[in-house]
1. Tally up the residues in segment B:78-100 that are within 11 Å of B:L156 (Cα to Cα) and within 7 Å of chain A (Cβ to nearest Cβ), please.
2. Give segment B:234-263 a look and list any residue that's closer than 28 Å to B:C12 by Cβ and open to solvent by 60 Å² or more (accessible area, probe 1.4 Å), or say none.
3. Considering only segment B:31-53, state which residues are within 14 Å of chain A (Cβ to nearest Cβ) and open to solvent by less than 10 Å² (accessible area, probe 1.4 Å).
4. Under 7 Å between Cβ atoms, at least 6 apart or on separate chains: pull out the pairs that start in segment A:245-261 with a residue that is of a type in the set (S, T, Y) and end on any residue that is in a helix (DSSP H, G or I).
5. Answer yes or no as to whether A:A272 is out of contact with any Cys (no Cβ under 9 Å at 6 or more places or on another chain) and either under 19 Å from A:S179 (Cα atoms) or within 13 Å of another protein chain (Cβ to nearest Cβ) (or both).
6. Select, from B:L152, B:L187, the only residue that is surrounded by fewer than 20 Cβ atoms within 10 Å (Cβ to Cβ) and in contact (Cβ under 8 Å) with a residue 12 or more places away in the chain.
7. Residue check, B:I91 against (1) assigned to a loop (DSSP other than H, G, I, E, B); (2) under 30 Å from B:P237 (Cα atoms); (3) among the aliphatic types (A, V, I, L, M), all met but one. Which one?
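The values are calculated or read from the model by the stated rules, or taken from the named source; none is laboratory data. Here the structure is a predicted model, which is why all the values come from computation and not from measurement. All Cβ positions, even for glycine, are placed from backbone atoms using ideal geometry, and neighbour counts span all protein chains on display. The protein model used for the area step is the full one, side chains on, heavy atoms only, and it has no ligands, DNA or RNA in it. Shrake-Rupley method; radii C 1.70, N 1.55, O 1.52, S 1.80 Å.
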Amino acid sequence: MSEKGVEARNEQQEPDEGAGIRFPRLGWIALLGIGLLASVAASVALGSVSISPRSLLRALTFSENASPVHLAVLWDLRLPRAVLAALVGAALASAGVAFQALFRNALADPFVVGASSGAALGATLALTLGFSTGWAGLGPLPLAAFCGAIGAVLCALALAETGSNSSMASLLLAGTALSTMLSAIVSFLLLWANQPWFQAFNWLLGSFSGRDWSYVRLAAPYLAVCYVTLQLMSRPLDALTAGDDVARSLGLSVRTARLVIIAAATMAASVAVAFSGIIGFVGLIAPHIARLLFGASHRVLLPTSALLGAILLVWADLAARTLLAPVEVPIGIVTAFLGGPFFLYLLKAKGGRLT
Amino acid sequence: MSVRLEAVNLSCGYGGPPVFKGVDFTVQSGEICALIGPNGSGKTTLLHALDRLVRPMEGEVRLDDVSIWNCGPREVAARVALAPQRAATAIWPLTVRETIQLARAPHRGWLASYTSEDVKVVMHAMARFGLTNLAGRSMATLSGGEVRRVLLARALAQAPAVLLLDEPLTYLDLHYQAEILTLVRSLSREEGIAVVLTLHDLALAALCADRVVLLANGRICGQGPPGEILTPEVLTPVYGDDLEVIQHSGKSVPIVLPRVRAR
């Protein structure tokens, strides 16, 4: 046995890699962060009143010779909207990452597992039953949305549990059927409560129309908690994608970890829905692009997906308010135009297998 | 650091009738114990029960006299490591390094960052199995033998007191078979690690094990030094008479070979 030979060979290999691997990834995250800032800047500058870079800078810094119109457009209309779009995009993308890892399924996203439509139902129920406004500054909307969402996700999970083998394909089918049904109930509720048609549109296809800072203030704390929780769970997520038995053998309390991840991801998705309606496909596309670019390790996957989701939604919102201006297109239509083909491509690339 | 892992009157199964019943079995620091038996005799199930993956139907598994089901999973994982027979095919495979790094979680906690000591242990485990050059490769692109080496390296990086190896030599070429048997022996002799491994090749079992445990028909049919168990009298009732036992001339170990009959 040539143990010495092998040792020598190994020692030659050793200096090959080291701490160097980490920096480029941090660099990528920083780059995406800059990309997000640039996207937000572009989004607030463009529209029916377009703002030149110099005026934008003046308005952003409250300079003395900033035009009052620009100030109003920027600070009261466009900036809160863009910030909310970024927050919601990040929330949906990180929820998508978590659901995909948890269900080990490439097609899982907040809509497919039932979270989005459950949240929409919870929120519209709260609205039509009249719990709509002011409640110690917190507002019942996120909570109602969360209750609806968690109910729907658990329902989809229970329905998919067929005997010993909870097949991922049946989870997807159960989730999709449930989502369609819940969306129908949402439309019915809104019409029954004499809400105008566009209101139903806004819930079912999403919109950031007229969102001001109060929405951002309400959504941000919830989303921050969800995001931090998921980021903390990045290693358990890695272990879970490697298989339940592996995770358990490495000492993970699989059931607890699952519950925490489901709760955080569902909360993120439901807060997003509560403040902007159901926006499809962001939670599906962003994680896949990030995974292709940065690998499967969740420590990097979560921040990159979140940033990509945020960038995606900021641009989608810009498209939504400029494409048919002065009419606003529901943002879900824009994301569906982008995401639908991508979803079909994924399905095709997987050879029709949903597992 | 001495350790003692013990199965007491253990019965395990998956809902239906038990795979095995009334198994009593102990392994201690510095001991290498080979589990042998026909296909489907419950060797893997026994390893999984020892690793706290399968809850016993009856009896218990004790780690230093404490039932492992009274410990948390992390507590057990910090002392007992399992290298499974094959890697579950992950839909989004991690890299080799990321896969092996997961083994540090039981020591570091699932939320904390890895320390420089963790990095050292992982590098060492990779070097030991010739994986350093593959560190950045995706698990999906590895050959069967490379995957096996990653699983073994992960178990080693877990720095366990008890090492459970499920068919550690399958898919490996002679070089790595020898390497792993040597490693197992040095881990047990120098570091006092208790090793339980399942093997199909009885000659390899004879070569490396202090004790051989024969599992068949849902119970233990015999355990003892290789010379006592690897005899036609003990093996024939289990494997049938299609085998031949010869003595290795240089080493005092029995070699069991399948008998090829003329048709």
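1. Going through segment B:78-100 one residue at a time, the tally reaches 1.
2. B:P237, B:Y239, listed by residue number.
3. Answer for segment B:31-53, where residues must be within 14 Å of chain A (Cβ to nearest Cβ) and open to solvent by less than 10 Å² (accessible area, probe 1.4 Å): B:L47, B:A49, B:L50, B:D51.
4. Going by the 7 Å Cβ cut-off, the qualifying pairs are A:S249/B:A77; A:S253/B:P73.
5. Yes: the conditions hold for A:A272.
6. B:L187
7. Checking B:I91 against (1) assigned to a loop (DSSP other than H, G, I, E, B); (2) under 30 Å from B:P237 (Cα atoms); (3) among the aliphatic types (A, V, I, L, M), the one that fails is (2).
To keep it simple, each residue is scored yes or no on (1) within 9 Å of another protein chain (Cβ to nearest Cβ); (2) of a type in the set (A, V, I, L, M); (3) in a loop (DSSP other than H, G, I, E, B).
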site	(1), (2), (3)
B:L102	yes, yes, no
B:L111	yes, yes, yes
B:E117	no, no, no
B:N133	yes, no, no
B:A159	no, yes, yes
B:V184	no, yes, no
